[in-house]
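What follows is one structure encoded as structure tokens, with my remarks underneath.
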Amino acid sequence: MNLAGADLSGIFLSGADLGNCDLSGADVSNSTFVLARLTNANLSQADARGADFSGADLTDALLISARVDAAVFGLVEIRGTEGDAQGRSMLAN
């Protein structure tokens, strides 16, 4: 699914299957991805400030230059994930 550059700010996607989804450059700020499947998703340059990824599966996802200020990454699966996310450590909670 191609959602590159989309405005998805504040959307509720808990439990959604977004595997292989292109969210590059998308605005997902303040969105909820609790327990979502984001395997192989591309979140490069996405604005994920304030988003909640608690329990999400981010295996092999790309978060290169993603903004993650105040984002929540509690208990996420991140094997193989690539990124230099801006704002703070992806593992901070």
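Cα extents of the range 1-67 along the three principal axes, largest first, in whole Å?
That works out to 22, 22, 19 Å along the principal axes.
Residue by residue through the range 54-67, what is 3J(HN,Hα) from phi via Karplus (6.51 cos²θ - 1.76 cosθ + 1.60, θ = phi - 60°)? Round to whole Hz and write x for glycine and proline.
Per residue, the Karplus-derived 3J(HN,Hα) values read 3, x, 6, 9, 9, 4, 6, 6, 10, 10, 5, 6, 6, 8 Hz.
Each reported figure results from applying straightforward, stated rules to the coordinates on display, with no laboratory input. Only a predicted model underlies this, so the values are computations on that prediction, with no experimental measurement involved.
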